[in-house]
Amino acid sequence: TWFLLYIKKSRVERTFLERIQGLFLLALRMMANWDLETLQAALPGLATTTHLVVCEGDRTVPPSQSYQLSRHLADSELHRVPRLGHLGHEEDPAQFARLLLQIAAR
């Protein structure tokens with residue numbers, strides 16, 4: 001695999017990458033078992049405000065999907081984060097912390 005070409009053959013580095021690969025495979029298995037039709041049918045019945053944080057630079061999950069999701073929710077608020085990508089919370093944790101504190105303070 002690609003990471004063996006990139007990493008020197010130390011045991012610590014291999015162990016770390018094996019864990020990442022394992023987490024990736026677990027995530028794929030989890031997503032493969034999602035029942036999206038049932039989930040989508042239940043969305044209008046949510047009885048609480050749903051806050052959707054949308055990173056405008058996300059190339060993995062297009063922001064348009066969040067806009068579409070918000071139309072299925074009875075009570076939702078979109079919070080747009082400019083420039084950041086799919087892992088915006090890791091790219092700028094301070095900005096995300098401020099946003100979450102603002103949401104929680106309501």
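The values are calculated or read from the model by the stated rules, or taken from the named source; none is laboratory data. Here the structure is a predicted model, which is why all the values come from computation and not from measurement. Backbone-built Cβ (ideal geometry, glycine too); neighbour counts: all protein chains shown. Ligands, DNA and RNA are excluded from the accessible area calculation, which covers all protein heavy atoms including side chains. Shrake-Rupley method; radii C 1.70, N 1.55, O 1.52, S 1.80 Å.
Please turn the phi angles of segment 21-34 into ³J(HN,Hα) values with the Karplus equation 6.51 cos²θ - 1.76 cosθ + 1.60 (θ = phi - 60°), one per residue in order, whole Hz, x for glycine and proline.
Working through the residues one at a time gives 4, x, 5, 4, 5, 4, 4, 4, 5, 4, 5, 5, 9, 5 Hz.
By how many nm would the segment from Ser64 to Ile20 grow when fully extended, if each residue of separation counts as 0.36 nm and the alpha-carbon distance is taken off?
Working: separation 44, 0.36 × 44 = 15.84 nm, distance 2.88 nm.
Using 0.36 nm per residue and subtracting the Cα-Cα distance, I get 13.0 nm.
Which cross-chain or sequence-distant (5 or more) residues have an amide H under 5 Å from the amide H of His51, H modelled 1.01 Å from N in plane?
Glu77
Counting only protein heavy atoms, what percent of the accessible surface of segment 15-106 is carbon or sulfur at a 1.4 Å probe? Kindly include the intermediate steps, with their values, before the conclusion.
On the way: 4110 of 6930 Å².
So the carbon and sulfur contribution to the accessible surface is 59 percent.
Counting only residues 5 or more places away or on other chains, whose amide H sits under 5 Å from the amide H of His86 once H atoms are built in the peptide plane?
Arg59, Thr60
How much FRET efficiency would the formula 1/(1 + (r/R0)^6) give for Arg98 and Leu73, where r is the Cβ-Cβ distance and R0 is 30 Å, rounded to 0.05? Write down the numbers at each step before the final one.
Numbers: r = 24 Å, r/R0 = 0.79.
Efficiency, rounded to the nearest 0.05: 0.80.
Could you give each residue of segment 84-91 its phi-based ³J(HN,Hα) in whole Hz, using Karplus coefficients 6.51, -1.76, 1.60 with θ = phi - 60°, and x for Gly or Pro?
6, x, 4, 10, x, 5, 8, 5
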